[in-house]
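Written below as structure tokens is the structure these notes are about.
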Amino acid sequence: MDQFENLDKHTQWGIDFLERYAKFVKERLEIEQTYAKQLRNLVKKYCPKRSKDDEPRFSSCMSFYSILNELNDYAGQREVVAEEMGHNVYGELMRYSQDLKSERKHHLQEGRKAQQYLDQCWKHMDNSKKKFERECKEAEKSQISYDRLDNDINATKSEVEKAKSQLYLRTHSADESKNEYAAQLQNFNGEQWKHFNVAIPQIFKNLQDMDERRTVKLGETYRSFAEVERRVVPIISKCLEGMVTAAKAVDQRKDSAIVVESFKSGFEPPGDFPFEDYSQNLSRTGSDNTISTPKNEGVVKPDPKHSISKAAKNKLWLFGKKPKSPPSSPPPAPHRPDLATASHCQAPKFASDPIAFCLSELRTVKPRIASFRGLKRGAPSLEDFSHLPPEQRRKRLQARIDELSKELQKEVDQRDALNKMKDVYEKNPQMGDPQSLQPKISETMCNMEKLRSEIHKNESWLSEVEGKVSTRGDRRPSADVNHHTPHGRESPEGSYTDDPSQEHRSPPHQPDPRQFDDEFDNDDPLPVLGHCKALYSFDGQNEGTLLMKEDDVLYIIEEDKGDGWTRARKQSGEEGYVPTSYVEIAMEKNSKGAVTYI
């Protein structure tokens, strides 16, 4: 019994230790939850924001996305660890702690009750002992008083009898007190033996069992703490194996093939240009007939410096040369009075000997300062993806049309929902004012019209591209349909070129006559860059344009700069602008571009 208080303290310490371990488990699972949440946020941050169809199909990208998926599964396993620890360890410990506290309280109350009962028995025994002691002292006093009166000769008989009866009563009371004291003493001794030999040992044993069960429970939760982690290890290993497999799936050849497939233009490399002899129309002199012409005399050698700079610049068209947009219709004949005047002024000089003049031009090619017309012309718009090859442009336009269609469907759904809500308000005015929805409905209708306009514009570009791609093998229309194309009528199919930067041109605009003023300041004639053959007739009624008939052969003295017009010269020396889509152009090998326009 003297260790009862120590056992009380020890059992309380055991419960406190159990709750401390439970607190440790709780903090551990909170760490797991935070870790899993941070992993999921990391995966979400680096996951593609677009749809899978818009994402690159490179194996390196796909492997990275697989790693993100495996990491997401790994985060899920960390959440499983936290959940299992919460239910199987922390929750179990807290429930057991409550049961342990109740059991400990019950055992301590039993011990205190046993001690109180023993103390009560001791008090009863002590009271009977004190009573027996008092009764004995009173009996002794009565005995002394009786003996004194019995020996006193002067005492009367009544006094002696009274003292005798008093002695008898005191003696009888003392005997009863003695018997009661003996009974209480015997009862106390029995209860005390039971207390120390039965009740208290049983209580101590219950406390010992409780403490042992607490220790066993701690051991079980220690094992559960580890088992929770061990059960997810195989799944975590699979996640890591999945990451390794994703890493092994990276294929550099496949990625390169995808790049090649995505960015190849689909055009055939330009072939060799044949030598075209312009000296066939020259009249042979007597010396020409008798003296043989050197082998290379008829071939005009271009200026090496000029030729190299032009060719080198043109080879980098994919990266450095700005693209041009295709015309959707033949350009209107511009009004150029100054251009006509300049052409007539130069005609006599060229008409005297056109072939000799062309050869001299090719020998004395010199760089010219860019005209102000080229400086005034702004960069072409890239809204229609005209800077891309045909197939790439078609894909981009189709993707944009799909995106705009989705947005249009959203607006349509929103309009339908607003109309339904408006009908509900009209039927039940207490639910809302129907007029309050009208501004939103009007805004939605406006958005729908804008989207439809954008879709129509992109579809027109797409149909133009698909028409060009499907008919690129044969660009010459029938003569009965396209002979003498009227002014303002659309061109049959537009122009085409093997150079992706030249294939698509934006609709030409009406050139400003003032833009051509600076191009005729130099009296020297422009060098011949190539020749072209007229596919259709062109009336050339506007000043600055050149009249041509079908199958006419013209000299190219200035390329199309993006406005749909090419500057040409007849053999008679007359110069002017003709629609690019009306001619078939062949550039000289030493000239800029070195490509064929059909």
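The values are calculated or read from the model by the stated rules, or taken from the named source; none is laboratory data. Quantities reported herein were computed from a predicted structural model and do not represent experimental measurements. We place every Cβ from the backbone using ideal geometry, glycine too, and count neighbours over all the protein chains shown. Protein only, heavy atoms only, side chains kept; ligands, DNA and RNA dropped before computing areas. Shrake-Rupley method; radii C 1.70, N 1.55, O 1.52, S 1.80 Å.
Select from the range 545-560 the residues that are touching a His at 6+ places or on another chain (Cβ under 7 Å), in a loop (DSSP other than H, G, I, E, B) and crowded, with 20+ Cβ neighbours inside 10 Å and list them in ascending order.
none
So in the range 406-454, with the set limited to residues that are among the hydroxyl-bearing types (Ser, Thr, Tyr) and open to solvent by 50 Å² or more (accessible area, probe 1.4 Å), which one is modelled with the lowest pLDDT?
Going through the qualifying residues, I end up with 436.
Exactly one of these conditions fails for residue 145: (1) open to solvent by less than 70 Å² (accessible area, probe 1.4 Å); (2) within 30 Å of residue 219 (Cβ to Cβ). Give me its number.
(2)
Look at residue 383 and say whether it is open to solvent by 50 Å² or more (accessible area, probe 1.4 Å) and modelled with pLDDT of 90 or more.
no
Hey, could you check the range 564-574 for residues that are open to solvent by less than 10 Å² (accessible area, probe 1.4 Å) and touching a helix residue (DSSP H, G or I) at 6+ places or on another chain (Cβ under 9 Å) and say which is nearest to residue 531 (Cα to Cα)?
569
Are there any pairs with C-beta distances below 6 angstrom linking a residue in the range 155-184 that is under 23 Å from residue 133 (Cβ atoms) to a residue that is among the polar types (S, T, N, Q) and open to solvent by less than 70 Å² (accessible area, probe 1.4 Å), with the two at least 6 apart or on different chains, and if so which?
163/145; 166/142; 167/142; 170/142; 180/128; 181/128; 184/128
Residue check, residue 44 against (1) under 26 Å from residue 229 (Cβ atoms); (2) among the basic types (Lys, Arg); (3) in contact with an Asp or Glu (Cβ under 8 Å, 6 or more places away or on another chain), all met but one. Which one?
Every condition holds for residue 44 apart from (3).
For every residue, the table says whether it meets (1) more than 28 Å from residue 244 (Cβ to Cβ); (2) open to solvent by 50 Å² or more (accessible area, probe 1.4 Å); (3) under 23 Å from the mean Cα position of the chain (by Cα).
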position	(1), (2), (3)
67	no, yes, yes
75	no, no, yes
80	no, yes, no
88	yes, yes, no
110	yes, yes, no
123	yes, yes, no
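Is it the case, given these coordinates, that residue 96 is modelled with pLDDT of 90 or more and open to solvent by 40 Å² or more (accessible area, probe 1.4 Å)?
No; evaluated as a whole, the condition is false for this residue.
Within the range 41-49, does at least one residue satisfy the condition of being open to solvent by less than 60 Å² (accessible area, probe 1.4 Å), of a type outside the set (Gly, Ala, Ser) and part of a loop (DSSP other than H, G, I, E, B)?
Checked against the condition, which is being open to solvent by less than 60 Å² (accessible area, probe 1.4 Å), of a type outside the set (Gly, Ala, Ser) and part of a loop (DSSP other than H, G, I, E, B), the range 41-49 yields at least one hit.
Can you tell me which residue is nearest to the chain's Cα centre (by Cα) among those in the range 112-121 that are under 11 Å from residue 203 (Cβ atoms) and without any contact (Cβ under 8 Å) to a residue 12 or more places away in the chain?
Here the residue is 112.
Only residues that are of a type outside the set (Gly, Ala, Ser), surrounded by 14 or more Cβ atoms within 10 Å (Cβ to Cβ) and under 30 Å from residue 123 (Cβ atoms): list them for the range 157-176, please.
Passing the criteria: 170, 171, 175.
Being open to solvent by 80 Å² or more (accessible area, probe 1.4 Å) and not in a helix (DSSP H, G or I) narrows it down to one of 179, 154, so name that one.
154
Within the range 522-532, does at least one residue satisfy the condition of being crowded, with 23+ Cβ neighbours inside 10 Å, touching a Phe, Trp or Tyr at 6+ places or on another chain (Cβ under 7 Å), at pLDDT below 85 and in a loop (DSSP other than H, G, I, E, B)?
No, the range 522-532 has no match at all.
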